[in-house]
Each structure stands twice: as C-alpha cells, then as structure tokens.
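Take a look at the structure below.
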Amino acid sequence: MKNYDLHSHSTASDGSLNPSELIRLAKNAGVDCLALTDHDGIDGIEEAKQQAQAVNLEFIPGIELSVSWGKFTIHIVGLNINTSYIPLLAGTEQLKSYRLWRGEQISKGLEKFGIKGALSGAQKFSKGKMIGRMHFANFLVEGGYCKDIRSVFKKFLIKNKPGYIHGQWATLENAVSWIMGAGGVAVIAHPGRYPFKNKKLKLLISEFIEMGGKGIEVISGSHSLADIRRMTTIAQECELYASIGSDFHNPDISWNKLGKLTPLPDLCTPVWNAWESREVSII
Ligand code: AMP
Ligand code: MN
Ligand code: MN
Ligand code: MN
C-alpha cells in the first residue's frame, strides 16, 4: 500500500519550507505520493512537481481554498487540478487581494492594541506571496509578544481578539466549480475542526455534493481517533471518497505527522480511486 499524504503547505502559502524542501522532506519521511495544497494559490506547484520528479516521488497538484459558508469559514481541498484553468487562477487572484486587504485590517487591529508595523512585519515572512494569519503569528512571536504560535493565535488572532477579522472568502459553489472545472476532486478539509454536530455537517455535505463535491478528509493531522471514526461513518453514509493528509506546515511543531499518518480505514473508498481508475479506464 502506497503512503499517501494529500494535504500539505509550502512557503507559497503559510508553510515554512519551500516546495523543494517540502518534497525532499516528504521523500525522506517515507511518503510515496504527496499533494501540495497551499492556501488559495498554486504558485508552489511547478517547483514541487520538478523536485518530485528529481527525487522520484509521485506528486499531485492541489490547492486549499478558503470558503465562507454562512457565518463559518471552512476549507475545501482540490486534488489533481489543472493549474492553468483560468477561472481557478482568477479566483485565487481575488482571494490573494482580499488577503492583502484583510492583512491591513489585522494590522490596524493590532495597532490599536499598541503593536506597530504588523503588516510589514508579517510581509517579511510572507515575502510578497499569499499573506495569512500564520505570518502575523511569526511576526508576533519574533517580537516577543508570545512564546509560541499556538499561544499567539489564542491571544491575538482568533475571534474576539485584536488581530481577528471575520473572513469573506469564496462561496462554496465557486470553490467547488473552480476545482471541478480544473478537472480536480473537491474534498472537505479537516471536518473534525469545525464546530458542527452531525446535522450541520450533513447539511454542508449535501450542499457540497449538490455542487459537485466528491470527498472528505477522514484522516487529517488534526483528527483524533474519535474524529476518524466519525468521519469514516459519515464518508460511507454520504458516499464520499475518503482522503488522507497531514496538513503539514512546519517540521518543528509537535503535531507534524508527515509520513506518519494512520492509514485510511478499510471501510473507506480512497480518493485516489477518482483519478487512478480514470487512468485504468483509458487503457
Ligand atoms: P488564514 O487562512 O490566514 O486565516 O489562516 C489560517 C491558518 O492559520 C491555518 O491554515 C493554520 O495554518 C493556522 N492556524 C489557524 N488556527 C491556528 C491555531 N490555533 N494554532 C496554530 N495555527 C493556526
Ligand atoms: Mn495554514
Ligand atoms: Mn485548513
Ligand atoms: Mn491546510
């Protein structure tokens, strides 16, 4: 059985390794097939693809789109996408400029709290690429405002804190249609992290399926054993493909599970059937 990891980040969004470093680390960690799924952009894909070829690692081009669903922010992963699909690229441009505007607002919020220069400080970490809360977190840790990333989110960057701005992201319909139009498979990312009971999660899933969504992450770096059991049942009941991904950002954080994920339960239909069976049918 191949070791798949279908959710990871590079410096093209808020990961700490550049795409080549990420690919080499994945290879060394025993991953056979990696998807790069940076937030709201595909700028790391080309470099990752080349490096994967060089080290003989199977590579899946992907993305993780930020979506506003009612008052909630959720994430939709797109796997095996054609990264030249224009509507997807146009969508990522919109999200990128929204992120810059939000960054200015976050910076203003922090300034009111007495913290100056947060936007340019965060941009030092994002290096002109997609800017996200992780870059603000890096700036705040560096400035000594908090001891680590986890506490900085808690103190500054979540709801009701000075550096939090409620996101206005893509609609679920647009996100799924960009991914499908790009020939990819849309997957609900880390469902265990949303504050949803089964009824709400199933409402999301039914809208998602109606729009063309096909999969859900059963194994995620942030899922507990209880989350895994719950999502296995839900994937079966809703006839969704099951995906597996570490959501790797940084080799230093304790919940880094790159190459060390629990395998997908046997009861699941793996998401790679969506593209691997397509290859078989061509033969
Ligand atoms: P953004 O899309 O810019 O709002 O940032 C979301 C990202 O911030 C996630 O993908 C994680 O990388 C990171 N993040 C969110 N909440 C936390 C947290 N509590 N601790 C550490 N990282 C977090
Ligand atoms: Mn992230
Ligand atoms: Mn996410
Ligand atoms: Mn992610």
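The values are calculated or read from the model by the stated rules, or taken from the named source; none is laboratory data. Here the structure is a predicted model, which means the values were calculated and not measured. Counting neighbours? That spans all protein chains shown, and the Cβs are built from the backbone with ideal geometry, glycine included.
Quick notes on this one:
- Applying a threshold of 6 Å to beta carbon distances and a minimum spacing of six or more residues, or different chains, the list of pairs starting in segment 259-279 at a residue that is touching a residue at least 24 places away in the same chain (Cβ under 8 Å) and ending at one that is part of a loop (DSSP other than H, G, I, E, B) and buried (at least 18 other Cβ atoms within 10 Å of the Cβ) reads 259/29; 259/31; 261/246; 270/264; 275/80.
- For segment 233-254, the tally of residues that are out of contact with any Gly (no Cβ under 6 Å at 6 or more places or on another chain) and either within 22 Å of residue 37 (Cα to Cα) or buried (at least 23 other Cβ atoms within 10 Å of the Cβ) (or both) stands at 10.
- Hits in segment 224-256 (condition: under 22 Å from residue 60 (Cα atoms) and within 16 Å of ligand 4 (Cβ to nearest atom)): 243, 244, 245, 246, 247, 248, 249, 250, 251, 256
- Neighbours by Cβ (under 8 Å, 6+ apart or cross-chain): first from segment 88-106, closer than 12 Å to residue 169 by Cβ; second in a helix (DSSP H, G or I) and not polar (S, T, N, Q): 91/175; 91/178
- Within segment 122-135, if we keep just the residues that are more than 18 Å from the chain's Cα centre (by Cα) and in contact (Cβ under 8 Å) with a residue 12 or more places away in the chain, the residue that is surrounded by the fewest Cβ atoms within 10 Å (Cβ to Cβ) turns out to be 127.
- Matching residues in segment 76-102 - criterion: being touching a helix residue (DSSP H, G or I) at 6+ places or on another chain (Cβ under 6 Å) and surrounded by fewer than 21 Cβ atoms within 10 Å (Cβ to Cβ): 80, 83, 85, 87
- Answer residue from segment 130-168, given it is assigned to a loop (DSSP other than H, G, I, E, B) and in contact with a His (Cβ under 9 Å, 6 or more places away or on another chain) and is farthest from residue 83 (Cα to Cα) among those: 159
- Of all residues in segment 179-215 being assigned to a loop (DSSP other than H, G, I, E, B) and within 16 Å of ligand 2 (Cβ to nearest atom), the one that is surrounded by the most Cβ atoms within 10 Å (Cβ to Cβ): 189
- All positions within segment 220-232 that are surrounded by 14 or more Cβ atoms within 10 Å (Cβ to Cβ) and farther than 11 Å from residue 261 by Cβ: 222, 227, 230, 231, 232
- In segment 242-264, the residue that is farthest from ligand 2 (Cβ to nearest atom) out of those that are outside any loop (DSSP other than H, G, I, E, B) and either in contact with a helix residue (DSSP H, G or I) (Cβ under 6 Å, 6 or more places away or on another chain) or under 11 Å from residue 8 (Cα atoms) (or both) is 242.
- Looking only at segment 58-97, and only at residues there that are among the charged types (D, E, K, R) and outside any helix (DSSP H, G or I), the one that is farthest from ligand 1 (Cβ to nearest atom): 58
- Consider segment 48-71 and keep the residues that are away from ligand 3 (no atom under 16 Å from the Cβ) and among the charged types (D, E, K, R). The one that is surrounded by the fewest Cβ atoms within 10 Å (Cβ to Cβ) is 71.
- Residue among 147, 129 that alone is at pLDDT below 95 and more than 16 Å from ligand 2 (Cβ to nearest atom): 147
- Selection count, segment 265-274, where residues are part of a loop (DSSP other than H, G, I, E, B) and either within 16 Å of ligand 2 (Cβ to nearest atom) or among the aliphatic types (A, V, I, L, M) (or both): 2
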